[in-house]
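As structure tokens, the structure follows; a few thoughts come after it.
Please treat every number below as a calculation from the coordinates, not as lab data. Predicted, not measured: the structure shown is a model, and the values here were computed from it. All Cβ positions, even for glycine, are placed from backbone atoms using ideal geometry, and neighbour counts span all protein chains on display.
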Amino acid sequence: MAVSVALGEAPVVAVTPMSYWRTVGWRLSRDRATLLAGGVLLLIALSAVLAPWIAPYDPSAGSIRLRLAEVGAPGHVLGTDEQGRDMLSRLLWGGRMTLVAGLTPVLVALVLGAGLGVAAGYVGGITNTLIMRTMDIFYAFPAVLLAIAISGALGPGLANTLISLSIVFVPRVVRVAESATVQVKGLEYIAAARASGAGVRAIVRHHLLANVLGPILVFASTQVSLSIILAAGLSFLGLGVTPPAAEWGLMLNTLRQSIYVNAIVPALPGLAIFVTSMAFNLLSDGLRDAMEIRG
Amino acid sequence: MSRPLLEARGLRKHFPLRGGVLQRTRAWVRAVDDVSFEVAPGETLGIVGESGCGKSTLARVILRLIEPEAGVLRFDGEDVRAASPSRMKRLRRDMQLVFQDPYASLNPRLTIEDAIAFSLLVHGTPRREARERACAMLGRVGLDPGLHGRRYAHELSGGQRQRVNIARALVLDPRLLVLDEPVSALDKSVQAQVLNLLQDLKSERALTYVFISHDLNVIEYVSDRVLVMYLGEVVETGTAEALAQSPKHPYTQALFASAPSMDPDRRMDRLPIAGDPPNAIDPPSGCRFRTRCAFAMPRCAEVPPRLVPVGATHEVACYLYAAEPAPVA
Amino acid sequence: MWVYVGRRLLLAIPTLLGASIIVFAMVHLAPGDPISAVMPAESSQAEIEATKRAYGFDRPLPVQYLVWLGRVAQGDLGKSVATRRAVILDVRDALANSLVLALSSSLLAFVLGMAMGLLAAFRQGRALDKLASAVAVVGVSVPHYWAGIILIIVFSVQLNWLPAMGAANDPGVVEYLRHIVLPTVALALIPLGVITRVVRSAALDILNQEFVLALRAKGLGARRVFAHVVKNSAPQILTVLGLQFGFQLGGSVLVEAVFSWPGTGYLLNLAIFQRDIPVLQGVILVLATFFVLLNLAVDLLQTLIDPRIARH
């Protein structure tokens, strides 16, 4: 077929365009800060998964004799805690807990929140009012407070922590999802799809979701670091994971009294939380920049 | 006389305006009020009017993208408003819409090939065949499927996107095409190309067009018959020549007067129009144009004038041509 | 505009009611008999029955809720299980302390955040911007309770400059200030990061608007551009500030736990530890109410500054 050349339209050169997701991947590969963050996260995730094999000691075994050994003590690279348990092992095992407690609620909130938000946004009317006003009620509480309120009622334990944090994050995702859906719904290509005879399911699947998932995903990625901090914070308060399990927030709490004796060891669990949280933040920043629609 | 392909009687669409603490309905935007017309198979009906006169709402009402509150809508004799969802889906193959904004009417995440094929997939066409027909259609509207098929909307120019819109509308083989300001967002040179494409396609495929625009020159160029709308109502209707030669309604006269023209006989010295344009929320009582009409009479404020014939197929809603006010409906 | 005010006020009411339902439900969500939440363990059966009737636990749930709501509306938040004192008194004192902490750390975060954010925006791409942005990312990622511990380690244990615990024991402004410094800094870190980023982003948006570029090309002085940027980004910054203040009020739990600062967070922590449900309920209800009213105030203030924001 002839190339489309006409008044006012420049001749087109045959170039293979990149699909949207390839472009995102390409942009990410060029962002050094994001790559570094990704690498750090990979390291953390790997060490958490492989903890049972690479931890030098049993995380719950300790002898009082060795308590609060300094960093670099013989046999204990990162020292020992107040009950003589090896810090390195506890940090490795603790990573599993913290990561699970941090990531799971966000994943749950992503699925539930996106579903509710898209439904509220697309259907509109009473459904929308019902869903959004209910979410508003939960939004009335600052995140920390809501987490504490629900955990306080349910009691400590990993499962309860996951439930309460999920409840904290769902309303936020719903808000973002609803707002994005309402905005996309008003665009003309949705009307065009309806004019073609497409039903609600076809429109949502082919047109709406692809355009709405982007902002939702970016938002969810920004919440991960908060979830990790909250999960550790709940353990810190005694509401999350219970002793003798190893979890970074819990470790921070139990080591608190020891700061007068040994300055560095009590700071280590918090350092781990900090590094993980920062890596997630940098990653989500990079993702947001890469997913921006330009041109 | 053969049956009109599209027939509308008394179409009405009002939008509620909510306000106040409890969001009560305070007023109504009377976007489309008692609009009636017929479109014969193979002709182009042009609908012209200023922004806010209800043209776009009318376009969407015709395709039932917006549900009217009242009125009859018939496609080839069949009652469209009474159609069941499955019947409606079938009907949508026959009536299609080309949108105004070439940028917002394409999904930024789909290749244009997929965007066109989507319409076919919705109706059950197998994937491969849908893609082939989409590519064929792309070629027909002047875009090389090999070059452009896998591109995304943001990589095309405005004129190219509008061609994609046309391809998408035509791939379902409709009989009626409603075009809502299809060239308004394009440069003049590109407008001409797209308009010519539309004329070619129409004769090739025996299509019927409802062409909506605010640009009188474009309307004159493409239409067989013209409908003039003002604030949701039809004020004049007739053939394109009849309206161009002797516009009867003061508003139509004003439209033609303000359109740039090469014909010295068409240019008028004094514009028969004055005052500010009101809005459709609280339109003036009686004839809605009376607040800007240089010929307004006392009875124009009482009852809205009905369409009365002033020629073979020429009708006007104005008391300048009616003997007396129509009985109150 | 007053219509918008009316609407927002009206909307706040069901939100508050819903929040109160959640708080009320906490008691019944907790495992075990709700009565055990308000009575010490060693009460006799007769005492338990009497208390049950007194608290109305033998009546249907919706009735209990309404009775409880009625009492709350009059300021009666029940009695603490642990201390037997009226909850409202303890909450009131604690709230005052928390407000002081929240205000001071908000001030710190706001001043530093604005400074860094504007600096970063005006020097976009250069070293100062990168530095400010890096500090912001650190601020947003740091767990503030950990930061508090680090601050204690550095300033109290090692250097012995500042006290580690509690509000001042000795009276006097200087003592009070000495005690408040570390908690303030710890609590301010996350809001500092957030405010810096928001200010930077808002300022950049305005600076990159075409008409500002045009003005600068014409030679408009840096001062005037600066003032213009500040004025136009005010609504956005205000929203964030309000949200962060709410976060600090709620999030102070963890920092107050670290520093034993006698605020609502400390009270909350104690209540959790002692399973003192009435205090838990009272603190959370008061804080949530405060948060809702704060959001309302921020919304209304925004509308005053920028009338375009009010819709319908």
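Things worth noting here:
- Cα-based Rg / Dmax (Å) for chain A: 24.2, 88
- Counting, for every residue in C:142-155, the Cβ atoms of other protein chains within 10 Å of its Cβ and taking the mean gives 6.
- Considering only beta bridges that DSSP places wholly inside the protein assembly as shown, some 65 percent are antiparallel.
- Ranked by the mean number of other Cβ atoms within 10 Å per residue, highest first, peptides C:174-183, A:37-46 order as C:174-183, A:37-46.
- Taking max minus min of the alpha-carbon positions on each principal axis, the stretch A:36-146 gives extents of 67, 29, 23 Å, largest first.
- Summarised as an ellipsoid, the stretch C:201-242 has semi-axes of 22, 10, 6 Å, derived from the eigenvalues of the Cα gyration tensor scaled by 5 and square-rooted, with the largest first.
- Shielding by partners for peptide C:250-258, expressed as the average number of C-beta atoms from other protein chains within 10 Å of each residue's C-beta, is 5.
- C:Ser141 sits among other residues whose Cβ lies under 14 Å from its own Cβ, and their net charge, with Lys and Arg +1 and Asp and Glu -1, is 0.
- Over the stretch B:101-197: Rg over Rh, Cα atoms, Kirkwood Rh: 0.94
- Pair-distance profile P(r), taking every C-alpha pair of the stretch A:152-292, with 5 angstrom steps and integer %: 2, 9, 14, 14, 14, 12, 10, 8, 6, 5, 3, 2, 1, 0, 0
- Per-q log10 I(q)/I(0), the stretch A:108-210, q = 0.11, 0.14, 0.16 Å⁻¹ (Debye; single scatterer per alpha-carbon; no solvent): -0.41, -0.60, -0.71
- Zero-based 20 Å bins, Cα pair distances in the protein assembly as shown, whole percents: 12, 34, 31, 18, 5, 0
- Cα-based convex hull volume of the stretch C:112-165 per residue, rounded to whole Å³: 97 Å³
- Counted by Cβ distance under 9 Å from B:Cys318, the other residues give a net charge of 0, where Lys and Arg count +1 and Asp and Glu count -1.
- Within straight-line cross-link reach of C:Lys231, lysines at Cα separation under 30 Å, skipping those fewer than 8 residues along the same chain: C:Lys130, C:Lys218
- A viscosity of 0.692 mPa s and a temperature of 37 °C, combined with the Kirkwood radius over Cα pairs in Stokes-Einstein, give a translational diffusion coefficient for the stretch B:1-139 of 186 µm²/s.
- Three principal axis lengths of the stretch C:119-198 [C-alpha, angstrom, descending]: 48, 23, 19
- For residues of B:101-111, the mean tally of beta carbons on other chains within 10 Å: 6
- Candidate lysines for bridging to B:Lys248, where Cα separation is under 21 Å - those fewer than 8 sequence places away on the same chain excluded: B:Lys55
- Hydrodynamic radius of the stretch B:279-323 by the Kirkwood approach over all distinct alpha-carbon pairs: 11.2 Å.
- Counted by Cβ distance under 10 Å from A:Ile203, the other residues give a net charge of +4, where Lys and Arg count +1 and Asp and Glu count -1.
- Rounded to whole Å, sorted largest first: equivalent-ellipsoid semi-axes of the stretch B:197-237, Cα gyration tensor: 23, 11, 8
- Direction-averaged projected area, Cα convex hull, the stretch B:112-168: 3.4 nm², rounded to one decimal.
- Per residue convex hull volume, Cα atoms of chain B, in Å³: 169 Å³
- In the stretch C:216-290, the inverse of the mean reciprocal separation of distinct Cα atoms equals 15.2 Å; this is its Kirkwood hydrodynamic radius.
- Computed per residue of the protein assembly as shown from DSSP H runs no shorter than four, each worth -39500 (n - 2.57), the mean residue ellipticity at 222 nm is -18500 deg cm²/dmol.
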